Amino acid sequence: MLFVPSPRSVTLGGPALCALALILGLGCASGRPLRVQGSESELELIEGLAQRFAEDRPGVGVALSGGGSAAGVTSLIDGAIDVATVSRPLLPTERVEAARRGVRLTATPFALDTICVVVHPKNPVVALDLDELGEILRGETTRWEGLGGAGPISLYGRPSSSGTWSLLRERVVKGDYTPSIRALGGSAAVVQAVAADPHGLGYAALSYVRHAGDSVRVLGLVVSPGEPAVDPRDEAAAREGRYPITRALSLVTLAEPRPDAAALVAFSQSETGLTMIEQAGLFALEASHAEP
């Protein structure tokens, strides 16, 4: 968990958060921070937004942790956090569970992300079609021969709690992932693993791939036979839906959120927030209607 304090005042509560505050040398006060948990793909972006959000709000701190979109939504329904960061649409089962527990969820999209497929820069492959990618991730294709490369394919991905894992499974895998994929804790870990493995292939969020520079090669994806490959870094392709693994990143709250939670959501769509999203390498979404 990362604690992002207000630079002027810190409010914490509970033994665990007090212990964390003492580790960071922040002290412990009588209140509690705004608690945010969820998507590892959003973690770096939310950290920056939370730090900027807290700067002008005396007494407001933000306790931030990952664990995946599913973990964030579960914690929100349980009342353990105030904001869930989610990198996929809310599932019908999550809405049903929320209703069973007597709460309603509201999802506010604030940024557009693409899931990038990456390989080692020495790999000669520059593009795959969706069927080829699905066959690789299901374990039906296990070598680079026939795809333009050579040698065995080693796979790096995310755990099933990840929104990235879920969305790729729905749109590309359309079945079960091969058990040979090494599930790593976040996009940064996937990028690092592929950068160190000449036979590696992995998938990661756009901002982490941008930060990786030339340490990995980003593959284009061919949606239909005969069409050109689409690059996930192409903003127009993402906004127009031409890149097949595009998703909205959302902040999810209760329908009647804590005021600080509502303020964080509003900040993500402010001029400052939109600028920070673009600077992080994602595509900002203008203020939009929340999804009840």
Handout entry: Residues within the range 44-64 that are at pLDDT 90 or above and either of a type in the set (A, V, I, L, M) or touching a Lys or Arg at 6+ places or on another chain (Cβ under 8 Å) (or both), tallied
Key = 8
Completion exercise
When the range 107-133 is checked residue by residue, the ones that are within 21 Å of the chain's Cα centre (by Cα) and within 30 Å of Pro92 (Cβ to Cβ) are Ala107, Thr108, Pro109, Phe110, Ala111, Leu112, Asp113, Thr114, Ile115, Cys116, Val117, Leu133
Problem - Ser224 vs. criteria loosely packed, with under 13 Cβ neighbours inside 10 Å and not in a helix (DSSP H, G or I) - result: yes
Problem - Selected residue (only one of Val190, Val218, Val222 is of a type in the set (Val, Ile, Thr), out of contact with any Phe, Trp or Tyr (no Cβ under 7 Å at 6 or more places or on another chain), modelled with pLDDT of 95 or more and under 29 Å from Ala71 (Cβ atoms)) - result: Val218
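Filter the range 77-111 down to the residues that are small (Gly, Ala, Ser) and under 25 Å from Ile277 (Cβ atoms) and list them by number. Show your work before the answer.
Step one: of the range 77-111, the residues small (Gly, Ala, Ser) are 79-80, 84, 87, 98-99, 102, 107, 111.
Matches in the range 77-111: Ala84, Ser87, Ala107, Ala111.
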Exercise for the section: Check Leu112, Leu155 and return the single one that is buried (at least 20 other Cβ atoms within 10 Å of the Cβ) and either closer than 30 Å to His199 by Cα or touching a residue at least 12 places away in the same chain (Cβ under 8 Å) (or both). Expected result: Leu155
Practice task
Say whether the condition of being in contact with a Pro (Cβ under 7 Å, 6 or more places away or on another chain) and closer than 19 Å to Arg138 by Cβ is met by at least one residue in the range 188-206.
Solution key: yes
Practice task
Return the only residue of Ala236, Ala262, Ala255 being closer than 24 Å to Leu49 by Cα and either surrounded by fewer than 16 Cβ atoms within 10 Å (Cβ to Cβ) or among the aromatic types (Phe, Trp, Tyr) (or both).
Solution key: Ala255
Exercise for the section: Quickly run through the range 198-216 and pick out the residues that are over 17 Å from Gly281 (Cβ atoms) and either in contact with a Gly (Cβ under 6 Å, 6 or more places away or on another chain) or crowded, with 18+ Cβ neighbours inside 10 Å (or both). Expected result: His199, Gly200, Leu201, Gly202
Practice task
Could you list all residues from the range 121-142 that are touching a helix residue (DSSP H, G or I) at 6+ places or on another chain (Cβ under 7 Å) and either more than 17 Å from Leu219 (Cα to Cα) or surrounded by fewer than 20 Cβ atoms within 10 Å (Cβ to Cβ) (or both)?
Solution key: Pro121, Leu130, Gly134, Arg138, Thr141
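The values are calculated or read from the model by the stated rules, or taken from the named source; none is laboratory data. Bear in mind that the values here come from a model prediction, so they are computed numbers and not experimental data. In this analysis, Cβ positions are derived from the backbone assuming ideal geometry, glycine residues included, and neighbour counts consider all displayed protein chains.
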